[in-house]
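Structure, as C-alpha cells:
Since every read-out is calculated from the coordinates, none of them should be taken as a lab result. Predicted, not measured: the structure shown is a model, and the values here were computed from it. Ideal geometry is used to build each Cβ from the backbone, glycine not excepted, and the neighbour counts take in all protein chains shown.
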Amino acid sequence: MIRIWAEQALLEGGWASDVTLAIDGCKIAGVSTGTLPEAGATRVGALLPAPANLHSHAFQRAMAGLTERRGPDPRDSFWTWRQLMFRFLDQLTPDDVQAIATFVQMEMLEAGYAAVAEFHYLHHAPGGVPYARLAEMAARIAAAAEQSGIGLTLLPVLYQYGGCDRRALGPGQIRFGNDPDRFARLVEEAGQALSTLPADARLGVAPHSLRAVSPEGLAAAIALRPDAPLHMHLAEQVAEVDEVQAAWGARPVEWLLAHAQVDARWCLIHCTQMERHETLALAATGAVAGLCPITESSLGDGIFDGVAWTGAGGNWGIGSDSNIRITLTEELRTLDYSQRLRDRSRAALATPEKSTGRVLFEGAAKGGAQAAARDAGVIAPGRLADLMALDTSHVDLEGRSGDTLLDACVFAADDRAVSDVWAAGRHLVSGGEHVQRHAITSAYRAVLRRLTAL
Ligand code: ZN
C-alpha cells in the first residue's frame, strides 16, 4: 500500500483539501480529506486524475521538425506532409520503433498523461513483407510500454487500400497493409505480446479510415473484438470528405451513423470536418471525439466544433497524433483558443459552475479513460490510480487554488508544473522527470543520429 498526501485534490465530487490517498496495487483503495501529512506518504501540491492520451502514432515523433519547408508544390498541405511521412518511415527498423516509442511514452508521462492509446499501423518490413513474427512491431510497442511504464491501449490498425477507389497501397503505405484475415491473426498475436505487461494493458482495434478500408473490412474489424475499444480516423480533411462522398455516397459521419452501431466503445479521431447536424447526431451516440489540436493546427485540418459538441453533452478527449509536440496543457489551450478565434469569444467551453481549465481537465480525463477502456478519469476508491500532481510552488501557480489553479496551469504555465505521475499506481515521474529519463533519451538520440545520417 502506498500513500499520497495532497494539499488539494480534484475528487469525483469536486475540490478537497488535505487529502490522503491510499493505493493498493493498481487501484485507489481509499480517499480521506482533512488529514495531516503522515510519515512515508509522497507529499504533493495539487492531485488530479491523469488523462489517457487517446491517439498516437509513436514513430512520427522522430519526424518532428522535418516537414516545415515549402516544396516545389505551392500548395504544401496535409497531402505533401503525408508523402514525406511515407518516405521517412521506410527507414525504420523494429529497434528504431521501440526506442522512439519508449521516448515518446516517457514524454507523455512527464506531460501528465498516465496512458496512451497507440493507433498502430506500421506492421511490416520495408516492401510490405511481414516479419517472421507477424505482430513484431506491436510487440515492440508493448516492449516500449514495459520500459516506460505507461498504461498501454494497443490498437492494431486495419489498412487495406490506398484510397476510396480501392487502389493498391503505394510504396509508402505497403508496410501498413493487411487483408481482414491476416489482420485478425495480427490482432491475436498482438494480444499475446501484451501478456507481459501489467493487467491494465488493453487491446482494441482500429479500422484506419473510410479511405483505407472496404465496408466488408470495416464490418470484420468491428466484429473482431465486440467489447473492446474501436477507434477510427473520421472527417479530418475537406478532400477526404469529398472523396468519401463520391465513393460511399455520403459524407463520412453521415455514412457511419447510417451503417454502423456507433456507441460508447467508439472513438472517432479528428471530426474537424462536420456539419452542425453531424456534430449533434454523433455527440448523441456516446462515442468519444478524439481531438488532436496541436496536430490539427500543424496539418491545417480545420477547427472542431467544441462548443456545439460539449453543449450537446458529447464526450471528448485529447490525442497527440503526429507527436510533433508532447504537451497536455498546450493541447487544451489550443482547443479552447481555436474556439475563441473562430467565434470571437472568450472562455468558450466554461460553464456557469466550472471554469475553462476545470472543464478541459475533467473532459480530457473522462473521455480519455473511456476511449482507452481504463476504469479511471476520476479520483475515487476502486478506480485505477492514474494520477498526476502539479507543483503548487511553480511561479505561475503562486496563490492559486481550485479551478483557478487549473486555469493558471492551462493558460499561463506549461507541463513543467507537473511534478509527479502515477500510471495504475506505478510512480513513474517524480520531480518532473521520468525515472529512466537518461537511458531512454540516450537510446532515442542514437536513433535520430542514425536516421539523419542515411
Ligand atoms: Zn492519426
### Message
Helix-only estimate, please: 222 nm mean residue ellipticity of the chain, summing -39500 (n - 2.57) across DSSP H runs of length 4 or more and dividing by its residues, to the nearest 500.
### Response
-11500 deg cm²/dmol
### Query
With a 10 Å Cβ neighbour count serving as the proxy for reagent exposure, in which order, fewest first, do Val31, Val187, Val395 appear?
Val395, Val31, Val187
### Antiparallel DSSP beta bridges within the chain, as percent of all bridges there, nearest 5
45 percent
#### Entry: In the stretch 219-289, the chymotrypsin sites (Phe, Trp or Tyr not before Pro) that fall in loop regions by DSSP, at most 10 other Cβ within 10 Å
none
### Query
Can you give me the relative contact order of the stretch 77-160 as a percent, contacts being Cα pairs under 8 Å and 6 or more apart?
38 percent
### Volume in Å³ per residue [convex hull over Cα atoms, computed for the stretch 1-54]
88 Å³
### Task
Would you mind telling me the antiparallel percentage of the DSSP bridges in the stretch 180-303, rounded to 5?
0 percent
### Query
Roughly speaking, what is the centre-to-centre gap between the stretch 376-391 and the stretch 169-240 when only Cα atoms are used, to the nearest Å?
29 Å
### Message
Which of the three applies to the stretch 234-334, rounded, prolate or oblate, going by the alpha-carbon gyration tensor with a ≥ b ≥ c and a/c under 1.5 meaning rounded?
### Response
oblate
### Query
Of all the C-alpha pairs in the stretch 51-372, what % are more than 30 Å from each other?
28 percent
#### Entry: 10 Å Cβ shell holding at most 14 others, DSSP loop, trypsin sites (Lys or Arg not before Pro): longest site-free stretch of the chain
168-343
#### Entry: GluC sites (Glu not before Pro) within the stretch 352-411, DSSP loop, no more than 16 other Cβ atoms inside 10 Å
Glu353, Glu398
### Query
Between Arg87 and Met1, what is the FRET efficiency for a Förster distance of 51 Å, r being their Cβ-Cβ separation, to the nearest 0.05?
0.50
### Summary
Full extension between Leu451 and Ala168 adds, at 0.36 nm per residue less the Cα distance, a length in nm of 99.1 nm
### Kirkwood Rh in Å, taken over the stretch 135-178 so that all alpha-carbon pairs contribute
12.2 Å
### Query
Tell me, what is the percent relative contact order of the chain, built from C-alpha pairs under 8 Å that lie six or more residues apart?
21 percent
### Task
Grab the beta carbon distance between Asp181 and Glu38, set R0 = 45 Å, and tell me the FRET efficiency rounded to 0.05.
0.20
### Task
Set the Förster distance to 22 Å, then compute FRET efficiency between Phe411 and Ser17 from the Cβ-Cβ distance, nearest 0.05.
0.40
#### Entry: Order of Thr334, Thr351 - criterion: other Cβ atoms within 10 Å of each residue's Cβ, fewest first
Thr351, Thr334
